[in-house]
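Data block below; observations after.
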Amino acid sequence: MIKKIGEKISLLFKDPEVRKKLIFTMFIFTIFRFFAFLPVPAINLVKLKALFASNQFLSLLDIFSGGTLVNFSVMALGLNPYINASIVIQLLTAMIPSLEALSQEGEYGRTKINQYTRFLTVPLTIIQSVGIFVLLKNQKIIGALTPLEFFSFIFTMVAGTFILIWFGELISEFGLGNGISLLIFVGIVGRLPVVLTRTASTFTQEMLFNVVIFLVLAVVVITAIVFINEAVRKIPVYYAKRIKGNRLYGGASNFLPLKLNQAGVIPIIFAVSFVLVPQLLGNYFVYAKNVFLANLGKFLVSFFSPTGFFYNFFYFILVIGFTYFYTIVVFNPEKVSEEIQKHGGFIPGIRPGNATKEYLEKILYRLTSVGAVFLGLIAVMPVIVSKVTGLTDLVIGGTGILIVVSVILETFKMVEAQLVMKSYDKFVR
C-alpha cells in the first residue's frame, strides 16, 4: 500500500502538466498564508485570541476562514459567507423548479448558479462584517470608529472574502483540486504547529500515557471517517431492450450509488449555528442593565456551555436531524424512481414506479441513520476526547478532521484520475 502511494507521488512530480498545477497551487497557498498574518489595524490581538479560545462558534468560523479570523487579517471572514451562500443556493435549487432546471443545463447552468451564489455572498458578507464589528466593540477589542473608518472596515472585510474566493477559483481552474476546499484545508493544517507547540510547552511525563491514547483515538477516528466517506451501497439497475427505427437500444446494466454519508459536513455546520444561538444571546444579555436579562444571560451561558452535557446532547440531536433533512433534499427517491422508469430501467425484484420509490426510501433511511449517528459522534468528539485524555490543547475539532480527511481523499482521486488519463493518452498516440 505504502509502495503504491510512493509510486503515485513520484508520478505526480514526473508529469510536467500535473507538476505545473502543483507548483501553481503551492504559490496560491503561500500568498494566502501571507494574507492570513496581515492584521487589520486598531485590533487588540491578545484580547481577540482570548475571545476565540472561549467561543466555539468563532472557532468554527475561523476554520472556514482558513485560520484568518483569529489573527483578524484583511481576509478575516474568509470563505464562511460564500459557504453559507452555496448551501442556501443548493437548498433553493432542490426546492425551486426553475433553479433545478437551470442546474441541469450543463456549463451555462453551473455558471449562472455560481453567479447567483456570488450575488448572495455580498449581503451575507456585509451582515457578518457588521456582526463581527459589534461583537468586537462590545468586547472592547476595537475602539470607536468614525463613519469613514467604519465603512472602510466593512469594505475591507468584503474585499478580503472575494479575493479569497478568487484564489479558490484560480486553484480550481489552473491548480490541483477543488480550490475552496483546499484553502479551508490549508487553514486547518496551518494551525497544527500552534496546537503542537502549545501542547509541548505544557508537556509533562505524566501526560505521556494520555498522548498515546489520543494518538490511538486519532488513528481510529481517521480510519472511521475514511470508511464512512468511501462506503457506498450499490443498487443494481437494469435497462430493458428497446427498438427505435432499425436500431436496438438498452439491454445494459448499471448501479445506483447511495453513499453512507450523503450530507458530508453540512449538517454539522447547520447544527452548530443553531446550538450556539443561546450562548451568543447569553453573552449579549450578561451585559444588560436589566437584572432579569442579566440573570437569563448567565443561565444560558452556563446551561449551554460547550463542555456541558446539555449543549453536546442538543448538538448531537441537531446534527442527526439536519443530516436527515439535507439528505432528503439532495436525494429525492421519487424523482430518481421516475428517471429510472422514464429510461426503461428497473431494480431487480422491484416494480417500477411507486414500489421503486418506497424501496429507495427504505434503503436511504437505513443508510442515513448510520451516517447521521456517525456525524453526531464526530461533532461531539472533541469533548469526549478531552474528557478521556485530559488534553485540552491538543484536541482538534471533529469538523476540522472531517474536512481534512475529505479534502485529501477528494484531491487524491482527482490526481489519480489525471494520471490515468495520461496513461491512456500514451496508448492513443
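Counting only Cα atoms, I'd like the Rg/Rh figure for the range 132-183, Kirkwood definition for Rh. Kindly include the intermediate steps, with their values, before the conclusion.
Values: Rg = 15.7 Å, Rh = 12.9 Å.
Radius of gyration relative to Kirkwood radius: 1.22.
Calculate the FRET efficiency for His343 and Ile384 from the Cβ-Cβ distance with a Förster distance of 45 Å, rounded to the nearest 0.05.
Efficiency, rounded to the nearest 0.05: 0.45.
Describe numerically, in nm with one decimal, the distance between label points set 7 Å from Cα along Cα→Cβ at Leu170 and at Phe274.
With each label placed 7 Å out from Cα toward Cβ, I get 3.9 nm.
Would you mind computing, in nm to one decimal, how far apart the modelled labels at Ser152 and Ala218 are, each placed 7 Å from Cα along Cα→Cβ?
4.3
At 7 Å along Cα-to-Cβ for each site, give me the label-to-label distance between Glu358 and Phe119 in nm.
Modelled inter-label distance: 4.3 nm.
Report the one residue of Leu276, Ile328, Pro348 whose Cα lies farthest in the direction of the positive end of the charge dipole of the range 268-394 (charges on C-beta: Lys and Arg +1, Asp and Glu -1; origin at the Cα centre).
The one lying farthest along the dipole's positive direction is Leu276.
What is the sum of charges around Tyr82, taking Lys and Arg as +1, Asp and Glu as -1, for the other residues whose C-beta is under 14 Å from the C-beta of Tyr82?
Net charge around Tyr82: 0.
What does the extension gain come out to for Met95 and Val420, with contour length at 0.36 nm per residue minus their alpha carbon separation?
113.3 nm
Once you list every other residue whose beta carbon is under 15 Å from the beta carbon of Tyr324, what net charge do they have if Lys and Arg are +1 and Asp and Glu are -1?
Here the charged neighbours net out to +2.
Hey, for a label at Tyr239 modelled as a point 7 Å past Cα toward Cβ, could you say which residues of the range 93-124 have their backbone N under 20 Å away?
The answer is 104-106.
For the pair Val286 and Lys413, what calculated FRET efficiency results from E = 1/(1 + (r/R0)^6), where r is the Cβ-Cβ distance and R0 = 60 Å, to the nearest 0.05?
Working: r = 48 Å, r/R0 = 0.80.
According to the calculation, E is roughly 0.80.
Quote the FRET efficiency, to the nearest 0.05, computed for Gln104 versus Asp15 with a Förster distance R0 of 25 Å and r equal to the Cβ-Cβ distance.
0.15
Against the empirical 2.2 N^0.38 Å scaling, what ratio does the C-alpha Rg of the range 290-390 come to?
The range 290-390 yields a ratio of 1.66.
Which entries of Lys20/Lys234; Lys14/Lys234; Lys234/Lys335; Lys112/Lys413 have Cα-Cα distances beyond 29 Å here?
Beyond 29 Å: Lys20/Lys234; Lys14/Lys234.
Just so you know, all these numbers are worked out from the coordinates, no wet-lab data involved. As the structure is a prediction and not an experimental result, all values here were calculated from the model. Cβ atoms come from the backbone with ideal geometry, glycine included; neighbour counts cover every protein chain shown.
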